[in-house]
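Below is one structure, written out as structure tokens; comments come after it.
The values are calculated or read from the model by the stated rules, or taken from the named source; none is laboratory data. Small disclaimer: the values here were computed from a predicted structure and weren't measured. Note that each Cβ is placed from the backbone with ideal geometry, even for glycine, and that neighbours are counted across all protein chains shown. Heads up: the accessible areas ignore ligands, DNA and RNA and are worked out on the full protein's heavy atoms, side chains in. Shrake-Rupley method; radii C 1.70, N 1.55, O 1.52, S 1.80 Å.
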Amino acid sequence: MNSSRPVDEWVSRLSLPDVEARAEALEAVGEALGSEDVVMRERTAQFLIKDLTRPASTAPGLILSLLQADWWPPPARLAASAVQAITEALTRMEAADPAVGDAALVLGNLCRVDPSQLPALAAALDHEHPAVRHAMARAASRVSDEKGLLLPKLIAHLDDPDERVSFAALEAVGALAPVAPDVTSAALLAQARKTEGMRRYVALSSLRALLDQCRQKDLPLPALGGLEPLLLGMLTDPNSAARVEGVSLLGLTGPVSPAGLTALGGLLKDVNPSVAASAAVALLRLGAPPQEALALLERLLRSEDTPEVQGAALSALEAVEPALIVKAKEMLKTVAHDAKGPVKAALGELLSELG
């Protein structure tokens, strides 16, 4: 780095009003923070952490950006002081400040190297400042919470008065759902029932990911009473991604009613290939007569002039367990014989899993 100034002076210059001076300081501090010299890295981080706690500092955004980009791995011995300093800095920010995202990434990294900081994250989820709650909820998506310290707080904040906090909490509950499938699935289902738009989509996609994981690990599925009427309503959503989630969840949570099977059969003709392919996979999962579903998947896989259509069919098939692929084995062998390039390779991998 530029050795004309000590590190602490470069850090202090991050708060200067002069744009060029700040840019020069930013480059110098970033170089020091990413240095191969361990002592240099740690000293630089200590100065940055100290500056975050200074009320008069105008550089928290720059500092958090530096720590997010160049400080890895942070030493565990600095984790507690860094979490405290970041929390203090967040109290002087708005929840919408882009620096909150950098703060969340740094907090997640700190908890990865020092899991003993998880209780501090859990406590800060109840902080009076929305920016603190927002950062902590976003950080929670990036940590391993095997003891379930964060989940109760996150579920409570699904109804946080600040929309950014509640949405971040929803994403975090989805990310941590496998820790407590019964509790989180109930919370996600409640959100899907009472919200709409992106919030409903995130709740349903998180629920689907949880059920997928349970199936792959041969674990019992959580109870989801009364889900079918909600999902049937999703099948006509103008958003194709929402339709895919509704279709996929129907397949994962069956058996379904005759009306549900009829609705899924109708989606084999959906204009969106991802929806149609997902409907075919759902029907196979539910034990419906396979001919129509397999014919649809074969047609999509043979659409050589439209790679995105082939990709939709492959994505739907690659997401399911081998026991389901067995139902499509002969069709896949026939298509693989005629296919070329990436599709042929992908089908070969699917078939190899069946032995």
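Of the conditions (1) surrounded by fewer than 17 Cβ atoms within 10 Å (Cβ to Cβ); (2) within 29 Å of the chain's Cα centre (by Cα), residue 326 satisfies every one except a single condition; which number is it?
The one condition residue 326 does not meet is (2).
Could you tell me whether residue 133 is assigned to a helix (DSSP H, G or I) and open to solvent by 50 Å² or more (accessible area, probe 1.4 Å)?
Details: assigned to a helix (DSSP H, G or I): yes; open to solvent by 50 Å² or more (accessible area, probe 1.4 Å): no.
Against the criterion (assigned to a helix (DSSP H, G or I) and open to solvent by 50 Å² or more (accessible area, probe 1.4 Å)), residue 133 does not qualify.
Condition first: under 20 Å from residue 102 (Cβ atoms) and of a type in the set (S, T, N, Q). Can you find one or more residues in region 25-35 that meet it? So that I can check it myself, show each step before the final result.
To start, the set of residues in region 25-35 that are under 20 Å from residue 102 (Cβ atoms) comprises 25-34.
Add one more test, that the residue is of a type in the set (S, T, N, Q), and what stays is none.
Checked against the condition, which is being under 20 Å from residue 102 (Cβ atoms) and of a type in the set (S, T, N, Q), region 25-35 yields no hits at all.
If you go through region 326-346 one residue at a time, do you hit one that is in a loop (DSSP other than H, G, I, E, B) and either within 29 Å of residue 206 (Cβ to Cβ) or in contact with a Phe, Trp or Tyr (Cβ under 9 Å, 6 or more places away or on another chain) (or both)?
Start the filter on region 326-346 by keeping residues that are in a loop (DSSP other than H, G, I, E, B), which leaves 339-340.
Those left that are additionally either within 29 Å of residue 206 (Cβ to Cβ) or in contact with a Phe, Trp or Tyr (Cβ under 9 Å, 6 or more places away or on another chain) (or both): none.
No, there is no match, as no residue in region 326-346 is in a loop (DSSP other than H, G, I, E, B) and either within 29 Å of residue 206 (Cβ to Cβ) or in contact with a Phe, Trp or Tyr (Cβ under 9 Å, 6 or more places away or on another chain) (or both).
Return yes when residue 82 is of a type outside the set (Ser, Thr, Tyr), buried (at least 22 other Cβ atoms within 10 Å of the Cβ) and touching a residue at least 12 places away in the same chain (Cβ under 8 Å) and no when it is not. Lay out the reasoning, then the answer.
Numbers: of a type outside the set (Ser, Thr, Tyr): yes; buried (at least 22 other Cβ atoms within 10 Å of the Cβ): yes; touching a residue at least 12 places away in the same chain (Cβ under 8 Å): yes.
Yes, satisfied.
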